[in-house]
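Below is one structure, written out as structure tokens, with a few remarks after it.
Computed from the coordinates by the stated procedures, all read-outs in this text should not be read as laboratory data. From a predicted model like this one, the values you see are computed outputs, not experimental measurements. Here the Cβ positions follow ideal geometry from the backbone for every residue, glycine too, while neighbour counts run over all protein chains shown.
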Ligand code: RIB
Ligand code: CA
């Protein structure tokens, strides 16, 4: 079976944790390594969480700690959504292996250099590490086949009225990525707000009745409560695994190739992704923007991964 080699850059975070499980347990993905970035929690917390999810998955891949602050030095953990540990809701196993001695960007560069195939970078947190990689190792761009990121929105934001959290955390990094000249796919709130953890999905997870599915249920119930409290959403959107799912089956999303620019200066709109669906600005198309999700295809993949993890 043809696999897609990926590096997953993330800020676990409940939905990042599910993206790790999908990356480990779907046979069409070859997870080369995990790099972490601060976002859903401080860098130490999200890095420990990445190691704990690897322990839960009983997997060992290189994990390296990445940027603790944005390119301009901004750092903020969104404790309101993911909790004190940045992954509250269920007891997680202790890490079973050590972090890499090199940092996240160095691990990305090492994996790209060593791979005998082009590699897809999947980013489900702020894009700081990816931007630094592109600037510090321009010679490695030829080893990157595709950048898929969860972030942004063609409509409203979630961290501010017009900025989605991952982009808001590091707009300069997002600007570097969308204008990198590489194939870039954006999974923004438009598509991820269709990846809802509904009552029926919880019932399917309950039926699995494994140690892993019970932990996943605990994590997702915490996630659901914060989305209900903060956004009055009855079912929480499982953002990050969408970025992995489209690599497994491109038909899981429908995309449009349009011009996307990042607002860097707006007093109220900094961090907004300006998605020019109707080509009103005349900008060159640079990003494939996912706008529609095949709910059943997505959840079949996600539930199968959790089931595999429990075996
Ligand atoms: O806005 C949602 C995104 O921000 C997700 O990636 C979530 O994990 C947080 O990082
Ligand atoms: Ca994330």
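A few points about this structure:
- Top of 14, 288, 239 by mean-square fluctuation, Gaussian network on the chain, Cα under 10 Å: 288
- Each residue, residue 116 and residue 295, gets one label point 7 Å from its Cα in the Cβ direction; the gap between the two is 4.4 nm.
- Secondary structure note: in the chain, about 30% of the DSSP beta bridges are antiparallel.
- Considering only 257, 231, 165, the mean-square fluctuation computed in a Gaussian network model of the chain, springs between alpha carbons under 10 angstrom, is largest for 231.
- Alpha carbon centroid spacing (whole Å) that separates region 164-220 from region 274-293: 21
- Computed over the chain, the percent of Cα pairs more than 29 Å apart is 27.
- Most fluctuating residue given options 11, 240, 88, as computed from a GNM of the chain linking Cα atoms under 10 Å: 88
- Estimated at 0.36 nm per residue, the fully extended path between residue 280 and residue 1 surpasses their Cα-Cα distance by 96.2 nm.
- Inter-site label distance for residue 231 and residue 257 at 7 Å from Cα along Cβ, in nm: 3.0
- Here the sum of -39500 (n - 2.57) over DSSP H runs of 4 or more residues, divided by the residues of the chain, equals -11500 deg cm²/dmol at 222 nm, to the nearest 500.
- Dividing the radius of gyration of the alpha carbons in region 150-305 by their Kirkwood radius gives 1.01 for Rg/Rh.
- Residue 44-residue 206 FRET efficiency (beta carbon distance; Förster radius 45 Å; 0.05 resolution): 0.85
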